[in-house]
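Chemist: Below you will find the structure I want to go over with you.
The values are calculated or read from the model by the stated rules, or taken from the named source; none is laboratory data. Everything quoted here is computed from the prediction, not taken from an experiment. We place every Cβ from the backbone using ideal geometry, glycine too, and count neighbours over all the protein chains shown.
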Amino acid sequence: MKRKPLYIALLALPLIIGAGCSGEKQKPADAQKTAAAADQVLSVKTAHVEARTMERSVEATGTLFALEEAVVSAEVTGRVQRIAADLGDRVKTGQALAIIDTTDLRLALDDAKSAYRTNVNALDKERARLADAETTLKRYDELYKKGMVSNSQFDTAKMQFDVAKAQLSEAEARAEQSNAKMDLAKEKLDDATIKSPIDGEVRERFISKGETVEANKKAFAVVSTGVLKFRGTVAETAVPYMKQGQAVAITVEAFRDKEFKGVLKRVSPAVDADTRTLAIEAEVPNLKGELKPGFFANGRIFTKKESGVPFVPESAVYSFVGITKVFVINDGVAHEKTVKTGGRVGSLIEIEGDVKPGDTVASTNLANLFEGAKVNITE
């Protein structure tokens, strides 16, 4: 029993010695492998860093609205005689949308015209009467001064003049009132034609032929679609770059491959405290009528142009575990440069870092490259 620990120790000794020998042999092997990697020449293809002009923009999301929208109401009560425009029809300012029966309105206008003529004739008579009274008064005034007529005769002439003058004033008031009634009857007759107040398209019709409508009942909704408004929001970080007059490009799902150009017209003076966004509004020409109010839209607001921005082929950019880099080749040696990527132009991608236009970068075999690697450039 006393010999057993010694026996176990003797058995373990060769293992310890072996392990020690193995470690001593491993170090030279690793060193040889590292040296081999350093001496290895990797074949790569290369590309040049290109200088491009980049137009910076800010993204916005929003909705398209009509530049103007008008709800047109009937101005008079009556039966709808004819519908002159319907859903989707293009209309001009002043164009008829519908016509209400004018029979009663024309009769009212004829009565107003007749009353006006009667009052005008009465006015002419009162003017003539006043003129006669004025002539008589002047004559009696001269005779009175010469003592040829009595006080009562002169007073009678003066009273007749005053009465004629008052009756003329009444006749003028009646003529003016009847003229106003005639103008009102003409206006109502004109209002029997429901007209568009703007250039645009009929968005909705609320009345039908044969229906009796009351005054002030809505009849049509007309929207102006020649120019639309894009109302959207941008992130608060974009606030310093927002200026009226900047160019805007709008895209919608209905025309995915097409951009519609516009101009930034309004910028909110305050950021929304809940969403941390800034409201903006742009106007977008829509002469062909392709865009429709209510479309969800994405916008790009162009803020500035930068020249000399470095771009490389996408194949020259290598990303691993969140780190993006390129390898600049100088005198057959690869130098690792950490970069950030930006916009794209075709197959080229913008990079930001210690890389400048004209540099040569590796575009193949990136996974095997490392700082200081020797390379052989192949066509």
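Chemist: So is Arg129 of a type outside the set (Gly, Ala, Ser) and either free of Cβ contacts under 8 Å to residues at least 12 places away in the same chain or touching a His at 6+ places or on another chain (Cβ under 8 Å) (or both) or not?
Modeler: no
Chemist: Restricting attention to segment 65-88, which residues are closer than 11 Å to Val202 by Cβ and over 23 Å from the mean Cα position of the chain (by Cα)?
Modeler: Passing the criteria: Val72, Ile83, Ala84, Ala85, Asp86, Leu87.
Chemist: Among the candidates Met182, Met159, Met148, which residue alone is part of a helix (DSSP H, G or I), outside the structural domain of Lys288 (by TED's automatic domain parsing) and surrounded by fewer than 17 Cβ atoms within 10 Å (Cβ to Cβ)?
Modeler: After ruling out the rest, the residue left standing is Met159.
Chemist: Being touching a Lys or Arg at 6+ places or on another chain (Cβ under 7 Å), modelled with pLDDT under 95, more than 30 Å from Ala270 (Cα to Cα) and surrounded by 15 or more Cβ atoms within 10 Å (Cβ to Cβ) is the requirement here; does Asp199 meet it?
Modeler: yes
Chemist: Among the residues of segment 233-255, is any among the small types (Gly, Ala, Ser) and loosely packed, with under 13 Cβ neighbours inside 10 Å?
Modeler: There is at least one residue in segment 233-255 that is among the small types (Gly, Ala, Ser) and loosely packed, with under 13 Cβ neighbours inside 10 Å.
Chemist: With of a type outside the set (Asp, Glu) and in contact with a strand residue (DSSP E or B) (Cβ under 6 Å, 6 or more places away or on another chain) as the only criterion, which of Phe327, Phe370 stands out?
Modeler: Every option except Phe327 fails the conditions.
Chemist: Would you kindly identify the strands (runs of 3 or more DSSP E) lying entirely within segment 262-379 that contain at least 1 residues that are touching a helix residue (DSSP H, G or I) at 6+ places or on another chain (Cβ under 9 Å) and exposed (fewer than 15 other Cβ atoms within 10 Å of the Cβ)?
Modeler: In segment 262-379, 296-313, 318-320, 333-345, 374-377 are the strands (runs of 3 or more DSSP E) which contain 1 or more residues that are touching a helix residue (DSSP H, G or I) at 6+ places or on another chain (Cβ under 9 Å) and exposed (fewer than 15 other Cβ atoms within 10 Å of the Cβ).
Chemist: Return the residues of segment 84-126 that are touching a helix residue (DSSP H, G or I) at 6+ places or on another chain (Cβ under 6 Å) and of a type outside the set (S, T, N, Q); say none if nothing qualifies.
Modeler: Hits for segment 84-126 are Leu105, Ala108, Leu109, Ala112, Lys113, Ala115, Tyr116, Val120, Ala122, Leu123, Glu126.
Chemist: Which pairs have Cβ atoms under 6 Å, sit 6 or more apart or on different chains, and link a residue in segment 92-111 that is on the phi > 0 side of the Ramachandran plot to one that is of a type in the set (Lys, Arg) and at pLDDT 95 or above?
Modeler: If the second residue must be of a type in the set (Lys, Arg) and at pLDDT 95 or above, the pairs left are Gly94/Lys195.
Chemist: Another question about this same structure. Within segment 50-130, which strands (runs of 3 or more DSSP E) (wholly inside it) include 2 or more residues that are in contact with a Pro (Cβ under 7 Å, 6 or more places away or on another chain) and farther than 30 Å from Gly346 by Cα?
Modeler: 50-73
Chemist: A further question on this structure: From the list Thr63, Thr93, which residue is farther than 30 Å from Glu211 by Cβ and at pLDDT 90 or above?
Modeler: Step by step, each of Thr63, Thr93 is checked, and only Thr63 is farther than 30 Å from Glu211 by Cβ and at pLDDT 90 or above.
Chemist: Would you mention how many residues in segment 47-77 are in contact with a helix residue (DSSP H, G or I) (Cβ under 7 Å, 6 or more places away or on another chain) and of a type outside the set (Asp, Glu)?
Modeler: Of the residues in segment 47-77, 3 are in contact with a helix residue (DSSP H, G or I) (Cβ under 7 Å, 6 or more places away or on another chain) and of a type outside the set (Asp, Glu).
Chemist: Taking only pairs six or more apart or across chains, which ones have beta-carbon atoms under 9 Å, a first residue in segment 246-259 that is not assigned by TED's automatic domain parsing to the domain that holds Arg231, and a second residue that is of a type in the set (Ser, Thr, Tyr)?
Modeler: none
Chemist: Inspect all residues belonging to segment 209-224 and state whether any of them is touching a residue at least 12 places away in the same chain (Cβ under 8 Å), of a type in the set (Lys, Arg) and under 30 Å from Thr61 (Cα atoms).
Modeler: No: segment 209-224 contains no residue that is touching a residue at least 12 places away in the same chain (Cβ under 8 Å), of a type in the set (Lys, Arg) and under 30 Å from Thr61 (Cα atoms).
Chemist: Right, something else. Given the conditions (1) surrounded by 20 or more Cβ atoms within 10 Å (Cβ to Cβ); (2) at pLDDT 95 or above; (3) more than 25 Å from Thr93 (Cα to Cα), and given that Phe230 satisfies all but one, which numbered condition is not satisfied?
Modeler: (3)
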